[in-house]
Every structure is written in structure tokens, then in C-alpha cells.
Amino acid sequence: MNAVKIVNISLRTHDSYGRSHIEFVDGHGNSRLGYILPENTQVRYLDAVYDRIRGTKGIIIPDGITELKDGSWCLSVRSTGFSPPKETLTLSKLIKPLKALHDTGMNHLSIDEHCFVADNTTVSLIFWGDGLLSVHRDAPSEVKAGGVPGVFSDLFMLASVALKMNWIREPDDARDANALFSNNLQTRLKTAVKYGYKFSTPKLPEAIEPAPGVSTVQGGSWQSRDIYVNQLTGIAERKGWLCRVIRCAAGERNRPLPDVPAGTFTGSPGDLLENTFAGKKGIEKLLIVQDLTADQADFVAILKQMARLIPSGLRMVICGASVPDVFQAEKLLLPGDTDSAVDVPLADIPAGITVSGTGPSWYGPRGRVTAEQSADMNRPFFSEKTLFAEGAWRHTAALPGIKENDSKAESLFMLGRYSESLKCVSSSNHTLKGKILIALGRFEEAARLLEGEDKPSLMAEACLGKGDVHRALEVLQNSSDPEILPMLAKLLDLTGSPASAFLPLKQKLKDATGAERVNIYCALRNLEMRLGLYEDALEHAEAAVLLARGLTSISLLVKSLQERGRTLQNTGYWQEALEDYKTAVRFYDENMLSFSRPPHIDLYVMQLKMGRIREAGETHTRLAKLLKTGGKLSSQMLNMLEAYRGVLLGSGEKSLPSALKAASEAHLYGLELYYGLSTLYAGQLYIQSGDISRGTDLLNEARSRGHVLGDRHLVCLAEIELLLQQNCPDLSESRISEITVGLPEELAVLQIISGKEREKGFEVLLGMPSPLLACRLADKCGQPDSPVYRKSLLKYREDILSQLTPEEKQDYSNLFSSVWPSALHESFKPQNFTEETLRTVSRWIQNYLEGESDLPDLTTALNLEEISSVPGPAASKVPGAVPLYCSGSLAADIAPFLEPVAAVITAVPFSGKPAPEKDRLSLEIAGESDRIKSIRTEIKRAAPEDAAVFITGETGTGKELCARAIHSRSGRKHGSFVPVDCGAIPEALMESEFFGAARGAYTGVNYSRKGLLEEADGGTLFLDEIGNLPLLMQAKLLRVLDSGVFRRLGETIERKTDFRLVTATNANIAEQLAKGSFRTDLYYRISVIRISLPPLRDRLEDIPLLIPLFTSKKISGGALQLLSSYRWPGNIRELSNVMKRASIAARGDTVRRSNIVLGDIHPDDSETLTLHEAIKRHIRHTVESFGGSRSKAAKALKCDPKTLRKYLSEDDRNNTEK
């Protein structure tokens, strides 16, 4: 290419993907077409690419290049003699030059409307070549995912352009273009054959959707495998999954992760996922590994590890001529003879070699050649040093003939082959040798070797290993290395001196940034929790989460979420803690992280405490796999968790060995805090098994251990257990306040044990909820007085029992000393039954006389099934002459107390106050048709749940009323109900309306304001016509629903919101999903519960019951007949408007047939009226409905009578002229 000077630009165009095209005059006065390449494009490859297609008929290649001031390049061709197509073209004309390009073995991959030019007779195609250097955003799914491009990829892009530019008018051509533009590869291939393309592959099966987990595709020709893989990318595109194809080039054979830029470190499955998907987040992912061979040792080992613990939402397909037999996976065998092909840099492929699948890669343009042809091209891309730096440890460890080599020694060390590593490490590398000795448990040797070396953390680890805690502390305290502060804080905490680390941590916090600051926040939080500084701990945990999010570090985010969750848990915010743990676990699993303490531990404990036994079992299964290879410390943790489960579920002697083993291991490894907890659990299990004396001794030991460690929480837990055994003499009010400050769960327990504010204590525990502990305390200390709390306890206990095995049920039942009812309809008879019943009845009579309460309220308050004047089966008669009956398990005991109630309701009829507005709204869902009864039942079932509700129905069917009814019956009824019409908000303002805006976020925002999501916090957000949400807002809403956090426009601070989502639409959502205008993942998120409202024409029998909602006047039989025979295209909204207008028009107290005007607006009318004509028509109908009274019509229309006369006189003039 020649250097060209740009003299005068006559036209510049930009497409939606940021590409620029120009028309200009060069230094010689020639007109040229130019294409500006993005910055950093590797133009050095282009000449070699152009040489392969030079002289191809119908293909124009650039002959000029210009370097622009910003470092980008402009390619250009002379434009004399041709111009952009201006007339209708046939698909054959467009495909002809492209097929000529394909006959050379090359692909285009950057086709847009600017690539086609025409003269009087032919259409030519400009080949810029940039499609072989980078992936274009409008490329088909197989190219964007990294699969093997083919002629079908170019035909997809060509069809897209032809349809977009409306070049094709012939129906057959348009049908073929749509087929070529399909994401279904089989459809594209069949259509391509009609235009002269031939494919050597046998008939392939249609690719099926991969199941979660691992599957393999083997056998068949390499072309068959390429096409099958590309079909999978199309499935991923249609499903909305993230998809990535990793192609294993021969020159990358020893890399731990091929097909990524050089220098990419990959030492674990987590690294592989992070590097493969480049930080992109998605609920569902598809990872395809193509051309995997058994000799790629590091890559195969990482894939094998990932397959063993496959992250949730990940599908992995491994494809090759023959896949290494190490994966337990479903196998698909393709038909035909098996052969292979490999990817080779295009510059390395000699002329005359048949090439296909040309496309971009990190190392420049690449092509696909058969294995036989590539024999001389399989040169490695990397040096041994680069491979080692990338994490190719198995490769480096397998290097022959090397005895002393630190790279080999470190590789063996990373692989856990410590003895071999020790033989290879050089004698001068004390750091690596010290690490190896510590790993081998030879702590004494490691400490001697590291003496004098400036490696404080390693030296401290060696000292701890040999049991010299004081020496480890001395090493860390004498070091000036700020990196050791978190480790020092942890050691001071374990040795009972947590306060000693405060000052150095806070001093370092002033200068710390990034990841170091997150670690210090977490260390401070841990110390503050230990010392009871709960508010400070929560503040530092929140700061750690926010900073970790900003750093986009998944591992730091998971760690900080764990720390915040523990703080929230201890301070009583259990639901929030549960969400933090779930989020941490999801991120941990998706990114295949590796922690010594995975977040699954915290989630498991939280699920147990909240009575979610079945969920906890699933978490434990996953946790056991994660800790399986974690060594002795992991064994201690598993034993301690098993002991804790036994404490909660009453396993007693069965779980005692786990507790004793956990305590023994904790003591052996110097884990003083875990030793204290294990001792506590052992004491509780001894007491459950009947050995009260031994159990009490261990509880006292745990309390003493807590005092030594300065752990207020451990002290509090031990004292509570001693109190339950009546073995803790000091329980003054000051003592309760001292040991439970900042610990609401423990405070509630002590309130119940002491009998002071016991109802409040049960309210707190049931609200968390902490059902296992609440049931235990009710058994030990007596049931709460409130029948509502007693009913909740019984319900929780039955739910817990339903999740246990028969043996576990027996153990759990043995925990209880009192007799509990066996079914929910049974009730407890509290000790102060008479006093409580009299108090309840007296309070109810007072409320009844004031119009505040009716019989159903008394029924609930007394925990009865029914109080009625009609005798029912097994009902108890209330004494006296007035017929009144009650039913329920305590009915016979309560009936005598209801005699004054019978007298009051006979003497004073109930005159209740008007229902609140929210209840009146719910009454508008009126009717007795089967469908509307079903709707009311669905609302009652949906309301108590906190799941998302999706309401469908035509306009005017009452979707918002349904949403309000759900809200008013839900646990969020005291929160805000925030209705939003998604179609009424301009797209430009949508983000600020939903998320709010900070002051100065954009012009005119002079103060910070809340958005709709924030307004709905604690209540219900109702999104009407959600189908009108743009795709970008759909993605942002989905993130809020998944994470519960958002940012105001113009802010970097993340805010939390907690709302129930109810959505509605009158659109065909299935059609929107098929078109891709509505996200599938969002649909599944918002439609947990679905309610479909019927149109009014399908329930005409409800009209008599609906009419009183809109008018207080009577309605004549003729009017009712007219209303019941109409089709109601506007549904209930139209009925409301018709009845309000008829009510005004009616002269007496009865609406007659003549007052009713129907069908004045026809949505389906083909006539199009001007605004002026529509106003006139509406005024005329209104006047007619009022019997010709213009004054009444003006009043109804809320307009000046003069305005009304003006329109009518104009109408009269027109009629006169006619």
C-alpha cells in the first residue's frame, strides 16, 4: 500500500458500532473512499492478507494508507468509476463477489453497507481486511464467541446489510436473505447451497441445548465438529447465555489456557473463568473447548478440576477428534471418518496450501489447515520462561534432565509435590525452600533456614507450626512490612489480645489503598466484633464491600461480603446476612475461587439457625466437596459444623464424638477460638445425652475461654446455656445489659429466660426468624401469652419436623420436655388462661363499641376457628339465651367467657368505620364468576409470599387494582406502594427516574433526589406495561433484583433497596421474548407467580356486581340488558366511564337505557380523525348523553360553556352547509 495524503474530506459517516467511513480528495486530486481503523489495529498483517486475494474478480483491496494524528490508520481505495448501490439488487449479485473471495479460502467478516460499490453492470466488494484482525460487534454468534468462521458467517453479515438497506425486493430473495440472517446455522447452510456453495460435511444432527455440567463431542470430520460447535454458539445467543469458544492451536499446546493473549496467568479454574469471559458477568455461561488433546497437561488438569466442582449456571462442552478420557461426561459421537485440523497463523501458511476458517485471534489473522498440511507449521509460540510465568507448572515440572532448577522446583511446589520440589530447589533460594519445608511440616528446619531473612510472614508461619506463638508474634511485631498487619491482627486475636492490633491497623489505614485497604477493613471488623464494638464493625464491613466492588476484585468482594454478613448476623439482621452469604457463595462458585474458609460455612450456619434444614443439607454437600482436599484444618471445621447441627437438632450422644474431635484438633493446631466454640458444643451435647455434670463443667470452661480471649459473644453464649441449666447465679438487669449490648438475639433469649419482657423476646426471635431457638425456649421457659406467637411456634416446629429423617425427628422431639400439639388446629392452654381470656374479651368489647373490631377479630385474638350465630360441627354453645357458638381446640374452655360478647352484639349492632382506602381498592376486584373467584384465591395465596408477581391482561382489566390488593394483604402493607407506568417515562429520563440522581448529575438537577427504587424500599414497586422497558433498562433492573443494590445517577456510592416487585403488561410477552425485545432472564426473574386477568366480555355475569362500584343510583332492567350484551373493548375502565357519565345524565335515582351511550370510541376503527374532529365528536356524544343539556355537559367535561358552544356552533354550520 502507498502512503496517501488526505487533502479535503467531503463526507464523513459513523455507524452505530463506532466505525468511520470518509470520502476525500488525495494530494493528486483523486477521489477516494476511506475507512478509519480503530486505534491499536495491527496493520502490519494486512499486506500479507491482501497478497492472498490480489487479482480476485469482483474484490477491491485498499491501495492507500494514511496515519492519522491520533495514532489510528485510514485505508482507502480510488472511487473513480463506481459508487454505492442505488438501485434494487438481487441476492445473487451481492453474493457473487463474496463467493469469489471465499473460493480463495478467505473470509471477509467486516461486511457493511460501505463495502459494496457498483458500476453500470456489476457489483464489487471492498475487502478492508480488518475483520481478520478483530471481531466486529455485528458479527454472527460463532465469530463473537470465538468459534471457527466460515462462508456462513459472511453470508449472515451480507444478509443483515441487504435487509437493513432495503436493497432486495424480490420475495424469494427476501426469504433467502432472512434465512441467511438466522442464528440457526443449519438454516444458513441449506440456503447457501442454493447460491453455489458446496459443503463436504455429512448430514449433521441438529445441535441440542447442552445440559448444565460437562459434555463432550467427539469423532467425525473436523468440518463437522466446527459446524456443531458453531451451532452451539447460536443456541447460546438465542438463550441469552455468555458464550466463549477456546480453540487449542498446535503452537499453544503447553499453555495452561490457550487462545488468550500471551502472559495471561492461569493457575486455577477461577483464573480460567476470569480470563476466558474477561470479567463479563452472566447468570448462564457456555464454555466450549475445541481441539483439546491429551498432551495439554496443565490445561486438561484445570478443566478436570473445574468439571469436578462445576459452578452453578456453567455448561462446558469439550470437543475434539478424541477427548482425553478423564471427564465423567455425556458423550456425543459425530458420524463419519475422524480427522483433524489445526489453527495456524495466516502468515505461516505458504501459498498453495488450502486454507479455511480464516478469522481473528490474539496473535493476528489465523487460518485452519489439515493436520497433515500443518506438520511443518507447528512451531511453538512460547519460550519455557513464558510458559512458566503463565502457570504451566505440569509442563515445567516434566522438563527432563534438570536437577537443580528453581522454576521446576516452584512448579512442583505449586502442584503439591513437595518432596520432589525440595530436591530441585537451589540451595541459595531460602524463600522457596522455606515454603517447601513448611508445607512438609518441617517447621524447625524452616525456622532455622529463614532466620536472618526478611520474610516475616513466612518466619511467623514456621514459628506457629512448631508451637512458638510468642516468637511468631515477636517476628511480626518487629517487622516494618505493612503487608503483615492483617496476619498480626489475626494472631493477636487468637492469643487473646485483639486490642493490641487496633492502633497499627488504624495507622496503616490512613495510607492504605486498594486491596490492602479492603484487607485492613476486614481485619478491623473482626477485632471490633470480638470486643463488642458492633457499630464500628458494621461501618468497616460496609466500607470493605463498597471498595471491593469498585476494585472489581471478585475474591475481595466475596471476602468482604462474608465479613459484612457475619456482622449483620450477630447484630440481628438475619435476612440481610443471608443475602450477603448467598451472594458471596454465588460469586465464589461462579468464579471457582479457593479460600481456606469458603462462604458456604457461613451460609450453612445461617440456614440452620433459620430452620432451613433442607437448604442447609444442600449447602453442606457442596461444602464437603470444597473442604475435601483442605487438610487437617478443614477436617476440624467439618467436625465443628457437625457438632453445631447436632446441638440445634438434639442429636446428643450421636454428635458428641464430632464435638470432642473438633475440640481436640483445635487445641492441637492452636485455634483457641475454635477450641472455645467446640467446648461449648460438647457441653451442650453432654447435657442433651443426660450427663448434666460434665456438660456444665464444659460450659464453664467455654465461658472462661471467652473471658481469656476477650470474646464477649462466646461468653454470652456460654452464660445463656448455664442459665438454662439454672447454674449461673448472677442475672441482674445490669448484667443482662452488659453481656448482650449489640446482640439482639442473645438479649431476646435473656428476656425470655428472666421473664422480663418475654413477649418482646419471642417477637424478636420469630421476626429474625430463629425458630429452633424460639421453640426450645418456649419448651424450657413456657409458651408466650400471645396466641399469634404460639401459632407461629407450632407452625415452625411442624415445618422443621417435615424436613428431618425419621431418626432425626425422634431426636428432635426428645429435646422437648412439654407435650406439644401434633397439628396446627390444636392450641396451647397457657398457665394464665383465665386472666388472658378475660383481658382479651374485655379489650375486644371496648373496640367493638368504638367500631374498631368485629367477630372475626375476636376469633383471631382467641385462636379459635370460628365464632358464629349458626351452630357448626363440633361447635361449643356460649351460655345464655342468645344463640352464639364457637369452634376450635379450646372452644369448650373459652365458651363461658363469651356470654358478655353475645349480649353486646345483640344490644349494639356493629357500626364499623369505613375500610381503609387500600382495602376498598381490593374490593373492586368484584364478581362471582368462577374466573374472578379463582383470581381472588390467587391473590390471597400470592400476597403473603415475597416473590415477584407478573400480571397479564388487556387494558382496563384491573391490573393495578390487583397489584394494590396483593400489596395491602402482604407483609409490606405498611410500606409504600409505588406504581410506575413504564410507557409514560421518556427513555432519556428513565435511568434518573428509576435510580434517582445526585446533585449536578445533569443540567437542572440542583439537589439530590430519590428514585422510584428507593421510594419503594420496604414496600411494593408496581411496574405497569413492563414490556415498554428498553433493553438497557431491563439489564439494569435485573442487576438490582439480583444484588439489591443500585447507584443514583452521578454517584459512585451503592445503596441498598428492598422491595417486592409486581409487574404487569397487556402485550404479548411470548412474542417479545421471541423477537428478543424482552430479556428471557428478566422474564423468569419477574414471573415467579403469574396471574392472568380475564377481559370483561368473558365474565359478563359480573356486571351487576361491578355497577355499584361506579354509581350509587339504581339501574333499570333495560339498561342492564344493554350493558350485558356489549363486548366492552375497554373492559372495566370503559364500564366505569360509561356508568359515571350515565349517572350524571340520569335525571332521577335510576339509570335508564336512554342514559347509556356505548361504543363512542372504537379502538379498531379504520377512520383516522384529526384532533379537532375527535374533540367535536366527543362533545356531541356527551351533550346527547345529557339529553341535550349543554350546561350539564360542560360541567361533566370541566370546560367553559363558551368553549362547548363554539364547537357545537361550528358543527351546526357544517350541517347547514351540507
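The values are calculated or read from the model by the stated rules, or taken from the named source; none is laboratory data. Bear in mind that the values here come from a model prediction, so they are computed numbers and not experimental data. Note: ideal-geometry Cβ built from the backbone for every residue, glycine included; neighbour counts use all protein chains shown.
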Practice problem: Take the stretch 759-774 and flag every residue that is within 30 Å of the chain's Cα centre (by Cα) and in a helix (DSSP H, G or I). | Solution: V764, L765, L766, G767, P771, L772
Quiz item: How many of the residues in the stretch 868-906 are at pLDDT 85 or above, part of a helix (DSSP H, G or I) and either farther than 16 Å from D854 by Cα or among the acidic types (D, E) (or both)?
Solution: 5
Quiz item: Do any residues in the stretch 1010-1039 that are outside the structural domain of Q1072 (by TED's automatic domain parsing) have Cβ atoms under 6 Å from those of residues that are crowded, with 17+ Cβ neighbours inside 10 Å, where the two are at least six apart or on different chains, and which pairs are they?
Solution: none
Quiz prompt | Positions within the stretch 556-611 being part of a loop (DSSP other than H, G, I, E, B) and either among the polar types (S, T, N, Q) or under 16 Å from G767 (Cβ atoms) (or both), in sequence order | solution = T571, G572, Y573, N591, S594, S596, M610, G611
Quiz item: Any idea which of R238, R253 is basic (K, R), over 22 Å from F299 (Cα atoms) and either in contact (Cβ under 8 Å) with a residue 12 or more places away in the chain or touching a strand residue (DSSP E or B) at 6+ places or on another chain (Cβ under 8 Å) (or both)?
Solution: R238
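Conditions (1) closer than 21 Å to K582 by Cβ; (2) within 15 Å of the chain's Cα centre (by Cα), marked per residue:
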{"position": "F1022", "(1), (2)": "no, no"}
{"position": "Q1034", "(1), (2)": "no, yes"}
{"position": "R1048", "(1), (2)": "no, no"}
{"position": "T1057", "(1), (2)": "yes, yes"}
{"position": "Q1072", "(1), (2)": "no, no"}
{"position": "K1075", "(1), (2)": "no, no"}
{"position": "Y1083", "(1), (2)": "no, yes"}
{"position": "R1099", "(1), (2)": "no, no"}
{"position": "I1107", "(1), (2)": "no, no"}
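In the stretch 130-214, which helices (runs of 4 or more DSSP H) lie fully inside it and hold 3 or more residues that are assigned by TED's automatic domain parsing to the domain that holds N107 and closer than 22 Å to K285 by Cα?
141-145
Residues checked against (1) within 44 Å of the chain's Cα centre (by Cα); (2) part of a loop (DSSP other than H, G, I, E, B):
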site	(1), (2)
F388	yes, no
G416	yes, yes
S419	no, no
I436	yes, no
Exercise. Looking at (1) modelled with pLDDT of 80 or more; (2) more than 28 Å from N814 (Cα to Cα); (3) not acidic (D, E), find the lone condition where R712 falls short.
Key: (1)
Exercise. Confirm whether L109 is at negative phi and surrounded by 13 or more Cβ atoms within 10 Å (Cβ to Cβ).
Key: no
Quiz item: So which residues in the stretch 87-107 are without any contact (Cβ under 8 Å) to a residue 60 or more places away in the chain and of a type in the set (A, V, I, L, M), if there are any at all?
Solution: A100, L101
Quiz item: Under 7 Å by Cβ, and 6 or more places apart or on different chains, what pairs join a residue from the stretch 1091-1105 that is closer than 13 Å to R936 by Cβ with one that is basic (K, R)?
Solution: L1093/K959; P1094/R931; R1099/R931
Quiz item: Inside the stretch 775-804, can you point out the residues that are hydrophobic (A, V, I, L, M, F, W, C) and in a loop (DSSP other than H, G, I, E, B)?
Solution: L804
Quiz item: Yes or no: A1064 of a type outside the set (K, R), within 30 Å of E237 (Cα to Cα) and at pLDDT below 85?
Solution: no
Quiz item: Does the stretch 64-78 include one or more residues that are in a loop (DSSP other than H, G, I, E, B) and surrounded by 19 or more Cβ atoms within 10 Å (Cβ to Cβ)?
Solution: no
Quiz item: Which of the residues that make up the stretch 421-434 are assigned to a helix (DSSP H, G or I) and among the β-branched types (V, I, T)?
Solution: T431
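Just name the residue that is modelled with the lowest pLDDT out of those in the stretch 925-946 that are under 29 Å from L1041 (Cβ atoms) and not in a helix (DSSP H, G or I).
I925
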Exercise. Please work out which one of (1) modelled with pLDDT of 90 or more; (2) surrounded by 22 or more Cβ atoms within 10 Å (Cβ to Cβ) is the condition I349 fails and give its number.
Key: (1)
Quiz item: Of all residues in the stretch 1083-1134, how many are surrounded by 14 or more Cβ atoms within 10 Å (Cβ to Cβ) and more than 28 Å from T1063 (Cα to Cα)?
Solution: 11
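Would you say I6 is at pLDDT 90 or above and within 23 Å of T358 (Cα to Cα)? If you could, list the steps in order and put the result at the bottom.
Values: at pLDDT 90 or above: yes; within 23 Å of T358 (Cα to Cα): no.
No.
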Quiz item: If a residue has to be modelled with pLDDT under 80 and basic (K, R) to count, how many in the stretch 272-331 make the cut?
Solution: 3
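Tell me yes or no: at least one residue of the stretch 33-42 is under 23 Å from N107 (Cα atoms) and among the β-branched types (V, I, T).
Yes, some residue in the stretch 33-42 is under 23 Å from N107 (Cα atoms) and among the β-branched types (V, I, T).
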Exercise. Kindly indicate the residue of the stretch 1-44 that is part of a strand (DSSP E or B) and in contact with a helix residue (DSSP H, G or I) (Cβ under 8 Å, 6 or more places away or on another chain) and also nearest to P365 (Cα to Cα) among those meeting that condition.
Key: L37
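Here's the yes/no breakdown for (1) within 23 Å of A307 (Cβ to Cβ); (2) of a type in the set (D, E); (3) assigned by TED's automatic domain parsing to the domain that holds T41:
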position	(1), (2), (3)
V317	yes, no, no
G320	yes, no, no
V326	yes, no, no
L334	yes, no, no
A341	no, no, no
D348	no, yes, no
G352	no, no, no
Y363	no, no, no
Exercise. Enumerate the pairs (first residue in the stretch 566-585 and in the same structural domain as F1059 (by TED's automatic domain parsing); second residue anywhere and at pLDDT 85 or above) with beta-carbon separation below 8 Å, excluding pairs fewer than 6 apart on the same chain, so at least 6 apart or on different chains.
Key: none
Quiz item: If S374 passes every condition in (1) part of a loop (DSSP other than H, G, I, E, B); (2) modelled with pLDDT under 85 but one, which one does it miss?
Solution: (1)
Quiz item: Out of the stretch 1035-1071, which residues are of a type in the set (S, T, N, Q) and buried (at least 17 other Cβ atoms within 10 Å of the Cβ)?
Solution: T1057, T1063, T1065, N1066
Quiz item: With respect to T121, is the statement that it is over 27 Å from A3 (Cβ atoms) and of a type in the set (S, T, N, Q) true?
Solution: yes
Exercise. Output the residues belonging to the stretch 68-86 that are without any contact (Cβ under 8 Å) to a residue 40 or more places away in the chain and in contact with a strand residue (DSSP E or B) (Cβ under 8 Å, 6 or more places away or on another chain).
Key: L68, S72, W73, S83, P84, K86
